[in-house]
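Got a structure for you, written out below as structure tokens; questions coming shortly.
The values are calculated or read from the model by the stated rules, or taken from the named source; none is laboratory data. Everything numeric here is computed off the predicted structure, so don't read it as measured data. Reconstructed Cβ throughout: ideal geometry from the backbone, glycine too, with neighbour counts over all protein chains shown. Only protein heavy atoms, including side chains, enter the accessible area calculation; ligands, DNA and RNA are left aside. Shrake-Rupley method; radii C 1.70, N 1.55, O 1.52, S 1.80 Å.
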Amino acid sequence: PQIVISVYGLDFFGHDVVRGYGAVHVPFTPGRHTRTIAMFVPESTSRLQKFTSWFTGRRPEFTDPKVVAQGEGREVTRVRSQGFVTISFNIM
């Protein structure tokens, strides 16, 4: 099993935009586990799309969260690193 994380926040214009996506496998062994997840955001492919998304406040984002957890089809997606999220698990 995996946990998919989508982080949203407000941009300069007050629009709710995606700040990052990430996924991590849930550990199976009992105990306390800490995982650091590298976050990423989709990028526009052209300068015109970048300007349009900045101007309208609508940045690229995934419509299906399964894309983040699966490797299939992601090799053609342009993304940019966007920080890290640390998550702790207490497995019993």
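In whole Å, what three semi-axes, largest first, describe the equivalent ellipsoid of region 2-91 built from its Cα gyration tensor (square root of 5 times each eigenvalue)?
29, 15, 9
Could you do me a favour and compute the accessible area per residue for region 2-91, 1.4 Å probe, result in Å²?
I get 71 Å² per residue for region 2-91.
Summing Lys, Arg as +1 and Asp, Glu as -1, what charge do residues with Cβ under 11 Å from the Cβ of H15 carry, H15 excluded?
Its environment carries a net charge of 0.
If one takes the longest principal axis of the Cα atoms in the chain, at what angle in degrees, from 0 to 90 and to the nearest 10, does the Cα axis of helix 47-56 lie?
Between helix and principal axis, roughly 90 degrees.
If you take the beta carbon distance between T45 and I87 as r and set R0 to 25 Å, what does 1/(1 + (r/R0)^6) give as a FRET efficiency, to the nearest 0.05?
That pair, T45 with I87, gives E of 0.20.
When the accessible area of region 2-91 is computed with all protein chains present and a 1.4 Å probe, what percentage of it is carbon and sulfur?
Taking all protein chains in place, region 2-91 shows 56 percent carbon and sulfur surface.
Please identify the chymotrypsin sites (Phe, Trp or Tyr not before Pro) of region 1-73 that satisfy two criteria: DSSP loop assignment and at most 10 other Cβ atoms within 10 Å. Which are they?
For chymotrypsin sites (Phe, Trp or Tyr not before Pro) across region 1-73 that sit outside H, G, I, E and B with at most 10 neighbouring Cβ atoms in 10 Å, the list reads F12, F13, F28.
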